[in-house]
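Taken together, the values in this text are just the output of simple stated rules run on the coordinates, not laboratory data. This one's a predicted model, so the numbers in the text were calculated from it and none came from an experiment. In this analysis, Cβ positions are derived from the backbone assuming ideal geometry, glycine residues included, and neighbour counts consider all displayed protein chains.
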Amino acid sequence: MKTKFIMLAFAIAMASSWYAIAATDYARIKKDVSVMSQIIKGAFEADTNCKRCRVKVQGKYLAGQGILFLVNTSASSYSWAYHSDHSDHSDHSDHSDHDFSFSFDDYDFEGFEYVTDILEGVLPAITTRVVKIVDDSTRIALREIRREHRDLQQEIRENEIELIHLEDDAVKELEANIKEMEEAVKELDNKRLQIEEKAAVTREEYAKEREEKRTKRQVRNKQQQEQIQNTVLQAFCDYGSTLRSLPAREKVTILFENANRETGQDSILVFDQTDITDCNRDNASLRGQAISYLF
């Protein structure tokens, strides 16, 4: 008897679950998701503080789980390419084999507002190339100094051997020549040290500049991502009632794609339906109710 009761209860539960799924109005949910997606896009068009924000929004419904909004937060749509012939050239004075090119995909250009961003995107590759040119020039200069140093040392040794066979009246003249060449050797050593020090300073300056640019870019990207997320959350606070067709106990998930650009991670916020539909117009409070993580 007990077994029959358990089987009956199980059958009722399964039937209820099936009915709940079958009764889901997918057409209504699809319409609500589409409307909410347009509302989010419109929020960015109306946000004068986020002119440089570029977002793409796509909504999906997963039965039994909830609604997923994919928000692509790419801030700009320019790409930069650096092409170089990496074959080894002994003379690096001609760099005509290097090609720098830009391409823009549906980029909303207003004057030259974004030139700084473009240059910062180009900077790492330019910095690498400049440092390589400095290193190549340094290596060529040092090779020439070593060659002159070697020739002078050889000539000094030959003159020292020649001293043995000279008469006294010619010794002083040859010794003066040897002393002059030894001074030239010292001068070459000093020149070598100066070149090496200058190259080291140049590499250090470019490395420092690149790190400063990277840090500034990280800070700016983080601020922009926060601004984008705030705009999206405010849209949900203002118009969250649009999603009332979502079945109870299902979730609303917002996935900000590539939000952390340094690691390529997505920022994910998961809300209960009531968090969205009952928001008190305070997006900061709404964020605090979310399950939030990077993945």
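Other residues lying with their Cβ under 15 Å from the Cβ of Val35 contribute a combined charge of +3, Lys and Arg counting +1, Asp and Glu -1.
As a calculated quantity, the FRET efficiency between Lys30 and Ala207 at R0 = 45 Å, using C-beta atoms, amounts to about 0.30.
For the pair Asn190 and Asn221, the difference between a 0.36 nm per residue extended length and the Cα-Cα distance amounts to 6.5 nm. 3J(HN,Hα) along the range 249-262, derived from phi through the Karplus expression 6.51 cos²θ - 1.76 cosθ + 1.60 where θ = phi - 60°, amounts to 6, 8, 9, 10, 10, 10, 10, 8, 5, 6, 5, 9, 6, 5 Hz, with x in place of Gly and Pro.
Once the Cβ-Cβ distance between Ala176 and Asp135 is put in as r, and R0 is 41 Å, what FRET efficiency do you end up with, to the nearest 0.05?
Values: r = 39 Å, r/R0 = 0.96.
Working from the Cβ atoms, E equals 0.55.
Is there a quick way to get the dipole size of the range 172-294? I mean about its Cα centre, with the Cβ of Lys and Arg at +1 and of Asp and Glu at -1; what is the value in debye to the nearest 20?
Details: 21 positive and 24 negative charges, 118 e Å.
That gives a dipole near 560 debye.
Each residue of the range 151-162 is assigned a 3J(HN,Hα), and the resulting list reads 5, 5, 4, 5, 5, 4, 4, 5, 5, 5, 5, 5 Hz, derived from the Karplus form 6.51 cos²θ - 1.76 cosθ + 1.60 (θ = phi - 60°), x at Gly and Pro.
Taking 31 Å as the limit for the C-alpha separation, the pairs Lys216/Lys251; Lys56/Lys216; Lys41/Lys216 exceed it in the case of Lys216/Lys251. Does the range 148-190 come out rounded, prolate or oblate, given a ≥ b ≥ c as the square roots of the eigenvalues of its C-alpha gyration tensor, rounded meaning a/c under 1.5 and, failing that, prolate meaning a/b above b/c? Since a/c reaches 1.5 but b/c is at least a/b, the shape of the range 148-190 is classed as oblate. Using the Cβ-Cβ distance between Gln38 and Lys60 with R0 set to 25 Å, the FRET efficiency from 1/(1 + (r/R0)^6) comes to roughly 0.95.
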